[in-house]
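Input: a single structure, listed below in structure tokens.
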Amino acid sequence: MAPIWKASAWELSQQLAQGTLSSEEITREFLQRIEQYNDSLGAFIHVNPQALEQARQVDQRRRRGEELPPWAGVPIALKDNLCTSDQPTTCASRMLQDYISPFDATVVKRLRSQGLVVLGKTNLDEFAMGSSNETSFFGPARNPWAEDRSPGGSSGGSAVAVASGLAPWSLGSDTGGSIRLPAAFCGVLGLKPTYGRVSRWGLVAFASSLDQIGPLARSALDAALLLELIAGPDERDSTCVNQPVPRYCQVIQQPLPKLRIGWVPEQLEALEPEVQQAVQQALKVLRQQLGAELREVRLPHARFAVATYYIIAPSEASSNLARYDGIHFGYRANEQEVLAALRQEAQRLAQAGDHQAVQELDSPLVRLYRATRSQGFGTEVKRRIMLGTYALSAGYYDQYYLKALKVRRLIRQDYLDAFEQVDLIAGPVASSAAFALGEKTQDPLSMYLVDLFTVGANLAGIPALSLPCGFTGEGLPLGLQLQGPLFSEALLLQVAHHFQLHTDYHIRWPQLTEGNQRTHDRNGCQQ
Amino acid sequence: MSEHRYELVVGLEVHVQLLTQTKLFCGCRNQFGAPPNTLTCPVCLGLPGTLPVMNQQAFQLALKAAVALNCEIAPVTKWDRKNYFYPDLPKGYQISQYDLPFSRNGYLEISDPRGRFGPKRVGIIRVHLEEDAGKSLHDETAGQADSRIDLNRAGTPLLEIVTRPDIRSPEEAKAFLTELKLLLTYLEVSDCNMQEGSLRVDANVNLHIHTPEGTVATPIVEVKNMNSFRAVERALAYEAQRQYHQWLSTGHRLGQVPKQTRGWDDQAQITRPQRQKEESSDYRYFPDPDLVPVTVSPEQIEQVRQSLGELPATIRERIQKQYGITPYDADVIVSQGRAVVEYFEKVAQVSGNGKQAANWVQRDVLRTLKERQWTMEQFPLSAEQLGQFVARIAQGRLASSRAREVFDHMLRTQQDVDTAIEALGIQTVDEDTLQELCRRLVEANPKVVQQVRQGKTKALGALVGQAKRENPNVDPRRVQEICRQLIEQAEA
């Protein structure tokens, strides 16, 4: 029998239901692997010390004959921007380094009520702002296929955990590609659902109109099951749509209908040759093996998507992150130091006879805000707060934010028009395979351009997934993106499932390095 | 120094707390006076991962107020974030309404029952709904610069009502606020209690000064910290004087200096310059992506209109006509609220005499309520009982001289009027008896008769006194009348 850690969540569920495996055995195996590899991979920020105990409890309940779903006892990893009441929720930020939420996110609550066992909280870019996982206060997660490379971000830890067999599946969040990019870079399947499909209650907000929680898994079937468990209306989130949840697991296993699949020529032209080949190969599978008719489609405003995204997302973020002021919770700068510095400054100005400047000095409160936020946030978060603050400022609002909203509508319309002609659109997730850690950190703009193919779905609110579709000559995984109309998750997953029936990219495993061989870079973390 | 004629120009910004069960975007109770920070939850504390969900009841109350203020209701309205840092604002932004308020372009009619200014319409620019902030308590005693924060109020629903600069005097401002408060309490939208902060007023004030060279507008000053309607009146009167003298000494006109904020100091009875919370007022408004737009259908508006009931202005006019009472009486009764109006109307109907009913309700009943701190509902006499009582007076079966006595007795015992009259031994004295009594008195008091003939009509009082001693039931006015006639007849 294959080792437990290689089994899919679906297979584990069957074994649990049949009683051939216990949750304790499964959980122990994953915990052992986390112990073994997390130091080198940096996938988890926090490992749940209660996991094993929680697994035993599920086993007991099952043994007592309690009616439990098959997946009760299957472990899962959660991105560390999903609130959990029993573990820290840090968002990989110094600001929330010790923060424990008083409540569970809706998705966490739903998973717990289904008996899933939380292994721990996975690494991410600070507040999910980044495409490489390098902005994490705790240091980057590493790509299991090449540890000097980025796993992609922001849900890097969630992708690494699944790709490395540290968790059978995981949850991430996607604001501009944050599930799909790491899924592509790590060779797993990641789905960003339709905006409003999954409740955002308990997801620490980055950009509220774009954020969406979604599954990362190896197989389309696992992703379908996980989506089924977390989707559906929630009275705590007014943007969560009141629409019934399909039985994704059943639907995707049905034979494929005759499909019209669109592809965008400009997208393919923009790719590195190996990526281009892989995507073309995947299109061929869709046509030949899955019987789809391929059609060229246009997304005329797609070239404005990154610019639009980097106005809207930072604008919302600048407001969403205002609450981290050190007053009510989270990191607070040392008040005595702040006061002392202010006094010194006042004295210096007074001695220089600049009484006007003394009058105009900030209040201690303003100084405390400033010190707290300067120290508590990392560079990228601060950059985005400043970008957003600027874009929303009087005099610039019309020029930037309002214009971005208008372009966003055009981008959405592009998709609506395209989906008149095709059932879904296939294409690349990124123009290259995983890039090297540090390669883009000095050039934020090149980092932002990594999101070129993924932000469109967030701006339009449509579902999109990334599934493994090949490898580079160096052995780095590549992803194929499928985008569909609003609430077409079932179709996207069905195509992905059938694609996986004809390919084996999703069941290849990276060669892992054991921990301690590499000292985990803690990137300014003072622990 | 030449004196100029000038006009005071005032626009008001009124914040009113809504009488909802719960806060605007979470399930916490909306209640005044609970121990600090006991009415909070992750949402109103602004904890990471929380989301607001709109309270339907709050929106419903807001609609009621706006419809009653004759506003146009927007078919679609949205929520915006107003961003600023302050410790009593846990999210770092306030959820409010910016460019698409749910209502605008309304008005409220005001008039002065004493006629100091004619009836007029004060325009309402907009009414919008927003969440309130918490409270900061600054304890600066003993050199401590401690600040404490109570977030019970954070997230409670607040209605902001902005008037056009249509108000021309402190009296008009007070009349507007009084009428607004009356309207909103009638609608049970708010209790408008200024002490508890459920009604707060800021005023934008300037002068239009008439000079030989034309009309000059002085810079607009925002006046805050007015804690009663009286304070508003006084602050505006003070501000008019101050701005006039300021203009005389500086010549500053509108637009030449930045807008100033001043606070009313009730102790010193002056306004003082205030330091602004935020130096810059760029609130970076943008649509709140956590909330969905709210749509309001014409049917919904119509339903709200139906639910308003009769409003104060209409009631005032109607009861004046229906019961033949003065505008002043109508105003006093209506200003007491729906319960008193209903009570009065029943009394007027039962007694068949609106004027008398108004007199008794607005004098004796209201005085009693005030003295005993009763609500109308707690008043021990039913409208039916008081109606019968007023009827006896109107019918002449109870002399007004003894009515007060009967009223007090009824109040004590809750007896009906006839039982009370009997209990007090009050009987009507028939005309013959009365004539006979007066004749005897005139005959027995030649001195008095003499004085009256000399024009000292006051002397008649002695006869009345004697009459009352002989028979307490006599109507003193009738005694005086009959005696005078007898004396005059004898003379002729």
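The values are calculated or read from the model by the stated rules, or taken from the named source; none is laboratory data. Note that this is a predicted model, so its numbers are computed, not measured. Here the Cβ is made from the backbone with ideal geometry for all residues, glycine too, and neighbour counts use every protein chain on show. What goes into the accessible areas is simple: the full protein's heavy atoms, side chains included, and nothing from ligands, DNA or RNA. Shrake-Rupley method; radii C 1.70, N 1.55, O 1.52, S 1.80 Å.
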remark   = Share of accessible surface on carbon and sulfur in the protein assembly as shown, whole %, 1.4 Å probe and ligands ignored, is 47
inquiry  = Counting only other chains, and only Cβ atoms inside 10 Å, what mean value do you get across the residues of B:288-299?
reply    = 3
task = Run through the DSSP bridge list for region A:371-527 and note the antiparallel percent, rounded to the nearest 5.
result = 100
key: Debye intensity ratio I(q)/I(0), log10, chain B, q values 0.06, 0.07, 0.10 Å⁻¹ (C-alpha model)   = -0.43, -0.56, -0.91
query = Ignoring ligands, DNA and RNA, how do B:LEU159, B:LEU486 rank by accessible area with a 1.4 Å probe, largest first?
reply = B:LEU486, B:LEU159
query = Using helices alone, what [θ] at 222 nm do you get for chain A, with -39,500 (n - 2.57) per DSSP H run of 4 or more residues, divided over all residues and rounded to the nearest 500?
reply = -12500 deg cm²/dmol
remark   = Given 10 °C, 1.306 mPa s and a Kirkwood radius over Cα pairs, the Stokes-Einstein diffusion coefficient of region A:155-247 in µm²/s is 121
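Counting only other chains, and only Cβ atoms inside 10 Å, what mean value do you get across the residues of B:88-97?
On the way: counts 1, 4, 6, 6, 10, 5, 0, 0, 0, 0.
Mean partner-chain Cβ count within 10 Å for B:88-97: 3.
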ask   = To the nearest 10 degrees, how steeply does helix A:403-421 sit against the main Cα axis of chain A, on a 0 to 90 scale?
value = 0
query = Non-local amide H neighbours of A:TRP201 (under 5 Å, H modeled in plane, Pro and chain starts lacking H): which ones?
reply = A:THR106
query = Counting partner chain Cβ atoms within 10 Å of every residue's Cβ in A:315-321, what's the average?
reply = 5
message = Please compute the modelled spin-label separation between A:LEU361 and B:GLN378, points set 7 Å along Cα→Cβ, answer in nm with one decimal.
response = 5.5
task = At most 14 other Cβ atoms within 10 Å and a DSSP loop assignment: could you name the trypsin sites (Lys or Arg not before Pro) in region A:105-214 that fit?
result = none
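Let me spell out the model: positive unit charges on the Cβ of Lys and Arg, negative unit charges on the Cβ of Asp and Glu, origin at the Cα centre of region A:247-361. What dipole size does that give, in debye rounded to 20? Don't skip to the answer; put the middle values down first.
On the way: 12 positive and 13 negative charges, 179 e Å.
Taking the Cα centre of region A:247-361 as origin, the dipole is about 860 debye.
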query = Which three lengths, in whole Å and largest first, does region B:1-142 cover when its Cα atoms are put on their principal axes?
reply = 59, 52, 28
query = Per 5 Å bin, what is the whole-percent P(r) computed from every C-alpha pair distance within region B:310-423?
reply = 2, 13, 24, 25, 19, 11, 4, 1, 0
message = Students often get this wrong: which residues of region B:371-408 have the backbone nitrogen under 14 Å from the point 7 angstrom along Cα-to-C-beta of B:GLN195?
response = B:373-374
note = The rounded separation in angstrom of the Cα centers of region B:445-492 and region B:8-46 is 68
remark   = Rounded to the nearest Å, the spacing of the alpha-carbon centers of region B:173-209 and region B:314-342 is 21
task = Using a 1.4 Å probe and ignoring any ligands, DNA or RNA, find the accessible area of A:HIS301 and quote it in Å² to the nearest 10.
result = 50
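I'd like the GluC sites (Glu not before Pro) in region B:99-200 restricted to DSSP loop residues with at most 16 other Cβ atoms within 10 Å, sorted by number. Spell out each step's value before the answer.
Values: sites: B:GLU109, B:GLU130, B:GLU131, B:GLU140, B:GLU160, B:GLU171, B:GLU172, B:GLU179, B:GLU188, B:GLU196; in loops: B:GLU140, B:GLU188, B:GLU196.
Those that pass, being in a loop and sparsely packed, are B:GLU140, B:GLU188, B:GLU196.
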query = lysines within cross-link reach of A:LYS403: Cα-Cα under 27 Å, excluding same-chain residues under 8 positions apart?
reply = A:LYS192, A:LYS382, B:LYS78, B:LYS82, B:LYS91
Solvent exposure ordering (accessible area, 1.4 Å, most first) of A:LYS258, A:LYS79, A:LYS6 = A:LYS258, A:LYS6, A:LYS79
ask   = By how many degrees, 0 to 90 and rounded to 10, does the Cα axis of helix A:51-63 deviate from the longest principal axis of chain A?
value = 40
ask   = What residues of region B:328-343 lie in the reach of a label at B:LYS355, counting those whose backbone N is under 14 Å from a point 7 Å from the Cα along Cα→Cβ?
value = B:329
inquiry  = Which one, B:GLY354, B:GLY396, B:LEU184, projects farthest toward the positive side of the charge dipole computed for chain B from Cβ point charges (K/R +1, D/E -1)?
reply    = B:GLY396
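If R₀ is 30 angstrom, what is the calculated FRET efficiency for the pair B:SER147 and B:ARG363, using the beta carbon separation as r and rounding to 0.05?
Details: r = 50 Å, r/R0 = 1.66.
For B:SER147 and B:ARG363, the calculated efficiency is 0.05.
Estimate the FRET efficiency between B:GLU317 and B:THR419 by the formula 1/(1 + (r/R0)^6), using the beta-carbon distance for r and 41 Å for R0, to the nearest 0.05.
Here the calculated transfer efficiency is 0.65.
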note = Computed, not fitted: 222 nm per-residue ellipticity of chain B from DSSP H runs ≥ 4 (each -39500 (n - 2.57)), nearest 500, equal to -12000 deg cm²/dmol
ask   = How large is the dipole of region B:431-491 about the Cα centre if only Lys and Arg carry +1 and Asp and Glu carry -1, each at its Cβ, rounded to the nearest 20 debye?
value = 380
query = Roughly how big is the A-B contact, given as buried accessible area in Å² (both sides, 1.4 Å probe, nearest 100)?
reply = 2800
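About its Cα centre, how strong a charge dipole does region A:73-144 have in debye, to the nearest 20, once Lys and Arg get +1 and Asp and Glu get -1 at the Cβ?
Details: 7 positive and 7 negative charges, 49 e Å.
In total the dipole reaches around 240 debye.
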inquiry  = Need the C-alpha centroid separation for region A:318-359 versus region A:44-123, integer Å.
reply    = 39
query = Spin-label point model (7 Å from Cα, Cβ direction): what's the A:LYS382 to B:ARG404 distance in nm?
reply = 7.9
task = List the GluC sites (Glu not before Pro) within region A:35-70 that fall in a DSSP loop (any state other than H, G, I, E or B) and whose Cβ has at most 11 other Cβ atoms within 10 Å.
result = A:GLU66, A:GLU67
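Over 16 Å apart: what share of the alpha carbon pairs of region B:431-491 falls there, rounded to a whole percent? Numbers along the way, then the final one.
Numbers: 559 of 1830 pairs.
Percent of Cα pairs beyond 16 Å in region B:431-491: 31.
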request  = Under 11 Å from the Cβ of A:GLN87, count the other residues' Cβ atoms, weight Lys and Arg +1, Asp and Glu -1, and hand me the total.
outcome  = -2
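If R₀ is 30 angstrom, what is the calculated FRET efficiency for the pair A:SER85 and A:GLN375, using the beta carbon separation as r and rounding to 0.05?
On the way: r = 27 Å, r/R0 = 0.90.
In this case the efficiency is close to 0.65.
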Intensity falloff of chain A expressed as log10 I(q)/I(0), Debye formula with alpha-carbon point scatterers, at q = 0.06, 0.11 Å⁻¹ = -0.28, -0.89
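How big is the Cα convex hull of the protein assembly as shown in projection, averaged over all directions, in nm²?
Details: hull surface 238.2 nm².
Its average projected convex-hull area is 59.5 nm².
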